[in-house]
Amino acid sequence: MTAQPSRRVVIVGGVAGGASAAARLRRLDEKASITIFERGPDVSFANCGLPYHIGGEIAERGRLLVTTPARLAARFRIDVHVLTEVVSIDREAKLVKVRKLQDGSERDEPYDALILSPGASPIVPPPFSKAPPHPRICTLRNLGDMDAIIAALPTTTATQSGNGSVRRAVVIGGGYIGLELAENLVNRGSKGEPNKGTSSIAVTVVELAPQVMGVGDPEMTAPLLDELVNRGVDVLLSTKVDSMDAPVDSEDGKAPIVLQLSNGRTIEADLVVVAVGVRPDSSLAQAAGLAVGARTRGIVVDNRMRTTDPSIYAVGDAVQIQEFVTGAPVSIPLAGPANRQGRVAADNIVGRGDSVYNATQGTAIVRVFAQAFALTGLTEKMARRGNISYAVAHTHAVSHASYFPGSSTVHLKLLYSPHTGRVLGAQAVGADGVDKRIDIISTAIRAKMTVEDLANLELCYAPPFGSAKDAVNFIGMAAYNNLCGDVKLRYVADADAAGQGAADESPAKVQRCASKRIKLLDVRTAAEGDRVGAIRDDSPGGYLNIPVDDLRAAIADGTLQDKSVEYLVYCAVGVRAYVACCILKAHGFNASNLSGGYTTYAMAKRSEAAAAAAAAAAVATKSDHSAVGTVARSAEFALFYPHSRPEGSRVVQQLPASKI
């Protein structure tokens, strides 16, 4: 005789949140009846790996299947129904109506506890949302989407399933999925050998924002744009698709898809992938009368993942949760949080009321060819939008001991409270060691640590792996020096204001700059300034360069004597400038340090130049596109590359003032 189940749990959707909840439930309750209804053909798959199978880096499609219905049944005694959709919820009767997609038949399924894990749906903007389906206009959300993209692509040695002849691919969106797709489409055209050779697929990224990776701050994502351009990707910023012509494929051939862009350009594509983001799939919850966030459209849950109906839980990309630092309601579709939310929901269903989900930090990472970008907690854009008081530090430390072969720069940006020093957020970009540093700082944010705590962390050190003063220690020290008053940090906008002259600005602005009495001081060597450029200085007296090792002598002989001004000191990354500030302060001068030095300044200016070039392209005529059509190859953009200025010039900003 079969024992009665302790409880009947129905789960709508598998993948990360639903499948994790089901497995956790079985580990905690051997007698429970657990049923998963999944409308797709696969109950759990690695959707984060889809771009890499397209590119051939993950050669076998089967590696993307995390688990199968048979495996869940054998190990966890979970009843899985794929290609089965839950179409309605009767909360009073505690029934869900399910429909088999293969034959349309329907039945009711009772539950004691219901978990909603429907995920998120791709955002498809006009004109794509208004057009009929087309086999070469795709999104990328599941294995079926991936298969459709591969079917349109040329065959490679790594992945033999493609039988198409795509030579021109356009990716709409420059976020996580868009950039991963761009990389992997290039790699696909390189015979399935990632990062090797010339690609047979010309890839264009069309991004509405003035930067790629819009979740990050502009200066921190500039190296990603560099990397895309260096790999031959055409990046069009501040651009959208206004209209398109997508002829139906026929036996006579496949005519190109023609896209009319907002910048006036017309481009042709053999494949278009729309990757502008996702939105919570909360329609089932809304129809059942459950609360949904007004702005996020995510299903509202408490910290035990309960919806406004105590018998119904929700997890994963469909839910609205709290951002960890601010407590603001957000929707953050990430696999890690979805897995933990599934665990918390299962715990609470079996009565473990002390199990709670403590908000999301948004810790994430993306690889773009040889560069990686990662972030956690607040960005500067988020802090500004939320009217949150913050301070910023930038550093450019090495991934491991510089004398050991293979080290590279880790560009770090840290946000912290100017009052308490509490760490609020961080971003990093570089070729190596980015994930390690952001993981450490993510843990610090979770523990509500301060910048002083970062400076004092004891981290692994051996020459192949790190430095005695790790990049995390380093940025903690830089922030703490500012917090405790050892040195004042200033930023790119301050440097621009200090360097602006009367000829280029309105009288009111010049008066404001003069009242601040800030003077730029470059403490690098003259040769270094000649090699990589300097910040434009049109202020009275012009460009001032005193190498840090000559600073004491300059003070002693009267070369530097004006104590009525504040010297905004800069070097390459901020280290020599900090030493210079200490010297100046000891001799009675007022000094501040440009955060991150000329490296941060150049990153910021290159981001600004890319946005300016995109704006120029938007107003250019068709005949002008050879000059400004590709943002990253425009003259304005190139002049902000270190090492890419006119020979012998000491000033990177050679453009007219109206262009800077």
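Structure summary
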| quantity | calculated |
| --- | --- |
| Answer residue from the stretch 327-339, given it is open to solvent by less than 50 Å² (accessible area, probe 1.4 Å) and part of a helix (DSSP H, G or I) and is nearest to Leu114 (Cα to Cα) among those | Ala338 |
| Residues of the stretch 92-123 satisfying the condition of being out of contact with any Lys or Arg (no Cβ under 9 Å at 6 or more places or on another chain) and surrounded by fewer than 15 Cβ atoms within 10 Å (Cβ to Cβ) | Glu92, Ala93, Gln102, Asp103, Gly104 |
| Single unsatisfied condition, Gly499 versus (1) surrounded by fewer than 23 Cβ atoms within 10 Å (Cβ to Cβ); (2) more than 27 Å from the chain's Cα centre (by Cα); (3) not aliphatic (A, V, I, L, M) | (1) |
| Looking only at the stretch 446-469, and only at residues there that are open to solvent by less than 20 Å² (accessible area, probe 1.4 Å) and out of contact with any Phe, Trp or Tyr (no Cβ under 7 Å at 6 or more places or on another chain), the one that is farthest from Val366 (Cα to Cα) | Leu454 |
| Residues being under 30 Å from Pro223 (Cβ atoms) and open to solvent by 10 Å² or more (accessible area, probe 1.4 Å) - total across the stretch 340-368 | 7 |
| Test for Leu271: is it in contact with a Lys or Arg (Cβ under 7 Å, 6 or more places away or on another chain) and open to solvent by 10 Å² or more (accessible area, probe 1.4 Å) | no |
| Some residue of the stretch 30-51 being under 30 Å from Thr198 (Cβ atoms), in contact with a strand residue (DSSP E or B) (Cβ under 6 Å, 6 or more places away or on another chain) and assigned to a helix (DSSP H, G or I) | no |
| In the stretch 537-584, residue most open to solvent (accessible area, probe 1.4 Å) [restricted to those that are of a type in the set (Val, Ile, Thr) and assigned to a loop (DSSP other than H, G, I, E, B)] | Thr559 |
| Residues satisfying the stated conditions in the stretch 388-410, i.e. of a type outside the set (A, V, I, L, M, F, W, C) and either surrounded by fewer than 20 Cβ atoms within 10 Å (Cβ to Cβ) or over 15 Å from Met477 (Cα atoms) (or both) | Ser389, Tyr390, Ser399, His400, Ser402, Tyr403, Pro405, Gly406, Ser407, Ser408, Thr409 |
| Residue count, the stretch 442-460 (criterion: out of contact with any Gly (no Cβ under 8 Å at 6 or more places or on another chain) and of a type outside the set (S, T, N, Q)) | 6 |
| Evaluation of Ala285 against (1) at pLDDT 95 or above; (2) surrounded by 15 or more Cβ atoms within 10 Å (Cβ to Cβ); (3) at positive phi (one fails), failing number | (3) |
| Condition met for Gln320 (touching a strand residue (DSSP E or B) at 6+ places or on another chain (Cβ under 7 Å), at pLDDT 95 or above and open to solvent by 30 Å² or more (accessible area, probe 1.4 Å)) | yes |
| Conditions (1) surrounded by fewer than 21 Cβ atoms within 10 Å (Cβ to Cβ); (2) aliphatic (A, V, I, L, M); (3) touching a Leu at 6+ places or on another chain (Cβ under 7 Å); (4) over 30 Å from Arg188 (Cβ atoms); number of the one not met by Leu28 | (3) |
| Any pair with Cβ under 8 angstrom, 6 or more apart, that starts in the stretch 102-123 at a residue that is outside any loop (DSSP other than H, G, I, E, B) and ends at one that is of a type in the set (Asp, Glu) and open to solvent by less than 40 Å² (accessible area, probe 1.4 Å) | Ala120/Asp281; Ala120/Asp317; Ser121/Asp281 |
| Single match in Thr409, Thr360, Thr395 (criterion: under 16 Å from Val434 (Cα atoms) and in contact with a helix residue (DSSP H, G or I) (Cβ under 7 Å, 6 or more places away or on another chain)) | Thr395 |
| Candidate set from the stretch 598-619 (those that are in contact with a helix residue (DSSP H, G or I) (Cβ under 6 Å, 6 or more places away or on another chain) and closer than 17 Å to Leu414 by Cα); member that is surrounded by the most Cβ atoms within 10 Å (Cβ to Cβ) | Met603 |
| Candidate set: the stretch 415-445, residues that are open to solvent by 50 Å² or more (accessible area, probe 1.4 Å) and either of a type in the set (Ser, Thr, Tyr) or in a strand (DSSP E or B) (or both); chosen: the one nearest to Val392 (Cα to Cα) | Arg422 |
| Evaluation of Ala73 against (1) open to solvent by less than 20 Å² (accessible area, probe 1.4 Å); (2) farther than 21 Å from Pro333 by Cβ (one fails), failing number | (1) |
| Odd one out for Gly485 among (1) under 21 Å from His419 (Cα atoms); (2) surrounded by 20 or more Cβ atoms within 10 Å (Cβ to Cβ) | (2) |
| Test: residue in the stretch 74-84 that is touching a helix residue (DSSP H, G or I) at 6+ places or on another chain (Cβ under 9 Å), over 21 Å from Leu28 (Cβ atoms) and β-branched (Val, Ile, Thr) | yes |
| Test: residue in the stretch 3-18 that is more than 30 Å from Ala151 (Cα to Cα), β-branched (Val, Ile, Thr), in a loop (DSSP other than H, G, I, E, B) and open to solvent by 10 Å² or more (accessible area, probe 1.4 Å) | no |
| Pairs, first without any contact (Cβ under 8 Å) to a residue 60 or more places away in the chain in the stretch 263-287, second assigned to a helix (DSSP H, G or I) and open to solvent by 60 Å² or more (accessible area, probe 1.4 Å), C-beta under 7 Å, six or more apart | none |
| Any hit, the stretch 186-194, residues being at pLDDT below 95, open to solvent by 30 Å² or more (accessible area, probe 1.4 Å), at negative phi and in a loop (DSSP other than H, G, I, E, B) | yes |
| Some residue of the stretch 247-255 being crowded, with 16+ Cβ neighbours inside 10 Å and within 28 Å of Arg385 (Cα to Cα) | no |
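The values are calculated or read from the model by the stated rules, or taken from the named source; none is laboratory data. Computed from a predicted model, the values in this text were never measured in an experiment. For neighbour counting, all protein chains shown are included, and Cβ atoms are generated from backbone atoms with ideal geometry for every residue, glycine included. Remember, those area values only see protein heavy atoms, side chains included, never the ligands or the DNA or RNA. Shrake-Rupley method; radii C 1.70, N 1.55, O 1.52, S 1.80 Å.
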